[in-house]
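The values are calculated or read from the model by the stated rules, or taken from the named source; none is laboratory data. Keep in mind the model is a prediction, meaning the values are calculated, not measured. Positions of Cβ are backbone-derived with ideal geometry, glycine not excepted, and every protein chain shown enters the neighbour counts.
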Amino acid sequence: MIEERIWKIKSFEELTTKELYEILKIRQEVFVVEQTCYYLDADGADEHAVHVWAESEGQILAYCRIFEPGIKFTEASIGRVLTHPSYRSLKLGKILMNIAMSTIEGKFRTPNIKISAQDYLLKFYSDFGFRATENKYLEDNIPHTEMIKYS
(Lines give C-alpha, C1' and ligand atoms only; values in the text may rest on other atoms or scores of the structure.)
Protein backbone atom coordinates (compact mmCIF):
# COMPACT_ATOMS: atom_id res chain seq x y z
CA MET A 1 0.00 0.00 0.00
CA ILE A 2 1.13 3.55 -0.69
CA GLU A 3 2.03 5.51 2.43
CA GLU A 4 2.24 8.96 0.87
CA ARG A 5 1.44 10.07 -2.66
CA ILE A 6 2.83 13.33 -4.04
CA TRP A 7 1.57 14.95 -7.25
CA LYS A 8 4.14 16.89 -9.27
CA ILE A 9 3.82 19.24 -12.22
CA LYS A 10 7.07 20.35 -13.87
CA SER A 11 8.40 21.70 -17.14
CA PHE A 12 11.21 19.75 -18.79
CA GLU A 13 13.79 22.23 -17.49
CA GLU A 14 12.56 21.75 -13.92
CA LEU A 15 12.93 17.94 -13.97
CA THR A 16 15.81 16.44 -12.04
CA THR A 17 17.92 13.81 -13.77
CA LYS A 18 16.40 11.18 -11.45
CA GLU A 19 12.84 12.29 -12.26
CA LEU A 20 13.51 12.20 -16.00
CA TYR A 21 15.03 8.72 -15.65
CA GLU A 22 11.98 7.47 -13.72
CA ILE A 23 9.58 9.01 -16.27
CA LEU A 24 11.37 7.38 -19.21
CA LYS A 25 11.60 4.09 -17.31
CA ILE A 26 7.87 3.83 -16.53
CA ARG A 27 6.92 4.90 -20.07
CA GLN A 28 9.12 2.13 -21.47
CA GLU A 29 7.72 -0.40 -18.98
CA VAL A 30 4.13 0.37 -20.00
CA PHE A 31 4.27 1.37 -23.67
CA VAL A 32 7.22 -0.68 -24.95
CA VAL A 33 7.39 -3.78 -22.74
CA GLU A 34 3.80 -4.28 -21.49
CA GLN A 35 2.17 -3.34 -24.80
CA THR A 36 4.93 -4.99 -26.86
CA CYS A 37 5.16 -1.89 -28.99
CA TYR A 38 8.59 -0.99 -30.25
CA TYR A 39 8.83 2.72 -30.96
CA LEU A 40 11.05 5.68 -30.13
CA ASP A 41 9.62 7.01 -26.87
CA ALA A 42 12.13 9.86 -26.61
CA ASP A 43 10.43 11.65 -29.50
CA GLY A 44 11.82 15.16 -29.06
CA ALA A 45 8.54 16.43 -27.59
CA ASP A 46 9.39 16.08 -23.90
CA GLU A 47 11.30 19.37 -23.95
CA HIS A 48 8.07 21.16 -24.95
CA ALA A 49 5.84 19.36 -22.45
CA VAL A 50 4.69 19.93 -18.92
CA HIS A 51 5.04 16.64 -17.03
CA VAL A 52 2.39 15.59 -14.51
CA TRP A 53 2.76 12.60 -12.21
CA ALA A 54 2.08 10.97 -8.87
CA GLU A 55 4.92 9.38 -6.98
CA SER A 56 5.55 7.57 -3.76
CA GLU A 57 9.05 7.02 -2.39
CA GLY A 58 10.53 8.01 -5.76
CA GLN A 59 8.42 5.56 -7.78
CA ILE A 60 6.06 6.94 -10.42
CA LEU A 61 2.52 5.69 -9.93
CA ALA A 62 0.75 7.60 -12.73
CA TYR A 63 2.05 9.97 -15.42
CA CYS A 64 1.15 12.08 -18.44
CA ARG A 65 2.56 14.98 -20.37
CA ILE A 66 0.61 18.01 -21.51
CA PHE A 67 1.23 20.51 -24.28
CA GLU A 68 0.09 24.06 -24.83
CA PRO A 69 -1.92 24.79 -28.00
CA GLY A 70 0.13 24.75 -31.18
CA ILE A 71 2.71 22.14 -30.12
CA LYS A 72 1.05 18.81 -30.95
CA PHE A 73 -2.30 20.08 -32.22
CA THR A 74 -4.03 23.42 -32.64
CA GLU A 75 -5.63 22.70 -29.26
CA ALA A 76 -3.81 21.87 -26.04
CA SER A 77 -3.13 18.16 -25.69
CA ILE A 78 -2.48 15.34 -23.24
CA GLY A 79 -0.34 12.33 -24.06
CA ARG A 80 1.63 9.37 -22.71
CA VAL A 81 -1.09 8.77 -20.11
CA LEU A 82 -0.28 5.78 -17.92
CA THR A 83 -0.70 4.17 -14.55
CA HIS A 84 1.95 1.84 -13.17
CA PRO A 85 0.59 -1.74 -13.52
CA SER A 86 0.93 -2.40 -9.77
CA TYR A 87 -1.28 0.59 -8.88
CA ARG A 88 -4.12 0.45 -11.41
CA SER A 89 -6.65 -0.61 -8.78
CA LEU A 90 -6.24 2.81 -7.12
CA LYS A 91 -7.95 4.61 -10.06
CA LEU A 92 -5.08 7.10 -10.26
CA GLY A 93 -5.73 7.60 -13.99
CA LYS A 94 -8.94 9.47 -13.20
CA ILE A 95 -7.20 11.76 -10.73
CA LEU A 96 -4.34 12.25 -13.21
CA MET A 97 -6.71 13.27 -16.02
CA ASN A 98 -8.53 15.76 -13.79
CA ILE A 99 -5.21 17.30 -12.71
CA ALA A 100 -3.98 17.42 -16.32
CA MET A 101 -7.15 19.13 -17.55
CA SER A 102 -7.11 21.62 -14.66
CA THR A 103 -3.45 22.37 -15.34
CA ILE A 104 -4.19 23.00 -19.02
CA GLU A 105 -7.00 25.40 -18.12
CA GLY A 106 -4.86 27.20 -15.52
CA LYS A 107 -1.52 27.33 -17.36
CA PHE A 108 -2.67 27.63 -20.97
CA ARG A 109 -6.01 29.40 -20.40
CA THR A 110 -8.00 27.02 -22.60
CA PRO A 111 -10.45 24.20 -21.91
CA ASN A 112 -10.07 22.86 -25.48
CA ILE A 113 -8.00 19.66 -25.57
CA LYS A 114 -7.21 17.11 -28.28
CA ILE A 115 -5.82 13.64 -27.61
CA SER A 116 -4.73 10.60 -29.57
CA ALA A 117 -6.47 7.77 -27.70
CA GLN A 118 -5.83 4.07 -27.91
CA ASP A 119 -9.19 2.62 -28.92
CA TYR A 120 -9.57 0.41 -25.86
CA LEU A 121 -9.59 3.62 -23.76
CA LEU A 122 -12.32 5.51 -25.66
CA LYS A 123 -14.87 5.00 -22.86
CA PHE A 124 -12.35 6.13 -20.23
CA TYR A 125 -11.70 9.42 -22.07
CA SER A 126 -15.36 9.98 -22.98
CA ASP A 127 -16.13 10.04 -19.24
CA PHE A 128 -14.09 13.27 -19.12
CA GLY A 129 -16.04 14.89 -21.95
CA PHE A 130 -13.83 13.87 -24.88
CA ARG A 131 -15.67 13.05 -28.12
CA ALA A 132 -14.29 10.69 -30.73
CA THR A 133 -13.69 12.19 -34.16
CA GLU A 134 -13.78 10.36 -37.47
CA ASN A 135 -9.97 10.38 -37.50
CA LYS A 136 -9.08 6.74 -36.76
CA TYR A 137 -5.63 5.36 -37.51
CA LEU A 138 -2.96 2.85 -36.58
CA GLU A 139 -0.09 4.25 -34.57
CA ASP A 140 2.68 1.72 -33.97
CA ASN A 141 0.19 -1.01 -34.97
CA ILE A 142 -2.24 0.02 -32.20
CA PRO A 143 -5.70 1.36 -33.21
CA HIS A 144 -6.11 4.99 -32.18
CA THR A 145 -8.86 7.59 -32.45
CA GLU A 146 -8.42 11.32 -32.26
CA MET A 147 -10.65 12.76 -29.52
CA ILE A 148 -11.55 16.36 -28.76
CA LYS A 149 -12.94 18.11 -25.68
CA TYR A 150 -14.37 21.58 -26.18
CA SER A 151 -15.87 23.74 -23.45
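Look at residue 134 and say whether it is free of Cβ contacts under 8 Å to residues at least 12 places away in the same chain, of a type in the set (Asp, Glu), assigned to a strand (DSSP E or B) and over 18 Å from residue 27 (Cα atoms). Answer is yes for this residue. In the condition set (1) more than 19 Å from residue 141 (Cβ to Cβ); (2) out of contact with any His (no Cβ under 9 Å at 6 or more places or on another chain); (3) not acidic (Asp, Glu), residue 62 is compliant with all but (2). Among the residues of region 97-112, not a single one is of a type in the set (Ser, Thr, Tyr) and under 18 Å from residue 144 (Cβ atoms). In region 10-25, the residues that are crowded, with 16+ Cβ neighbours inside 10 Å reach residues that are among the acidic types (Asp, Glu) with C-beta atoms within less than 9 angstrom, at least six apart or across chains, in these pairs: 10/19; 15/46; 19/55; 22/55; 23/46.
Specify which of the listed residues (150, 125) is within 15 Å of the chain's Cα centre (by Cα) and aromatic (Phe, Trp, Tyr).
Working: 150 fails: within 15 Å of the chain's Cα centre (by Cα).
Only one candidate passes the filter, namely 125.
If only residues of region 86-119 that are of a type in the set (Ser, Thr, Tyr) and farther than 19 Å from residue 67 by Cβ are counted, the one that is surrounded by the fewest Cβ atoms within 10 Å (Cβ to Cβ) is 89. Based on what the data block shows, is residue 115 part of a strand (DSSP E or B), among the β-branched types (Val, Ile, Thr) and at pLDDT 95 or above? Criteria met by residue 115. The residue that is nearest to residue 79 (Cα to Cα), among those in region 43-59 that are loosely packed, with under 11 Cβ neighbours inside 10 Å and of a type outside the set (D, E, K, R), is 44. Of the strands (runs of 3 or more DSSP E) entirely within region 1-88, those holding at least 2 residues that are more than 22 Å from residue 120 (Cβ to Cβ) and either of a type outside the set (Asp, Glu) or at pLDDT 95 or above (or both) occupy 6-11, 50-56, 59-67.
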